[in-house]
1. Quick one: would you say residue 92 is closer than 12 Å to residue 17 by Cα and either in contact (Cβ under 8 Å) with a residue 40 or more places away in the chain or touching a helix residue (DSSP H, G or I) at 6+ places or on another chain (Cβ under 6 Å) (or both)?
2. Look through 99, 36, 59 and report the one residue that is surrounded by fewer than 17 Cβ atoms within 10 Å (Cβ to Cβ) and outside any helix (DSSP H, G or I).
3. Among 50, 44, which is more than 26 Å from residue 121 (Cβ to Cβ), modelled with pLDDT of 95 or more and surrounded by fewer than 16 Cβ atoms within 10 Å (Cβ to Cβ)?
4. Could you check, for segment 3-18, whether at least one of its residues is closer than 21 Å to residue 118 by Cα, in contact with a helix residue (DSSP H, G or I) (Cβ under 9 Å, 6 or more places away or on another chain), assigned to a loop (DSSP other than H, G, I, E, B) and at pLDDT below 95?
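The values are calculated or read from the model by the stated rules, or taken from the named source; none is laboratory data. Since the structure is predicted, the reported quantities are computational estimates derived from the model, not experimental observations. Cβ: placed from backbone, ideal geometry, glycine included. Neighbour counts: every protein chain shown.
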């Protein structure tokens, strides 16, 4: 059993923290090809999670998953044996979206930090 892993991280993603946690729970432990297919079906609204689709969060997580697969390819890992070993969604930084004047302060915006770790089976 190989202990090689491929990691991809994205800090301050502009997606919902709650939605990303729900998607992470669904993907954790799945084969990479099945996880990609699930995310694409979620984006195209062919499959749902508790009656919701979460397309924005699914697009960003799919992008990060593809980055992790590319990192595994660089490390010469077998792509057919890859699975999602760990996937985390953490609260990112909060900031104020700007407006033109101080009296017209913008709204508080939140972000999410996501990390994906792939392993071989």
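1. Values: closer than 12 Å to residue 17 by Cα: yes; either in contact (Cβ under 8 Å) with a residue 40 or more places away in the chain or touching a helix residue (DSSP H, G or I) at 6+ places or on another chain (Cβ under 6 Å) (or both): yes.
Yes; evaluated as a whole, the condition is true for this residue.
2. Residue meeting the stated conditions: 99.
3. Working: 50 fails: modelled with pLDDT of 95 or more.
Going through 50, 44 in turn, just one is more than 26 Å from residue 121 (Cβ to Cβ), modelled with pLDDT of 95 or more and surrounded by fewer than 16 Cβ atoms within 10 Å (Cβ to Cβ): 44.
4. Looking through segment 3-18, at least one residue is closer than 21 Å to residue 118 by Cα, in contact with a helix residue (DSSP H, G or I) (Cβ under 9 Å, 6 or more places away or on another chain), assigned to a loop (DSSP other than H, G, I, E, B) and at pLDDT below 95.
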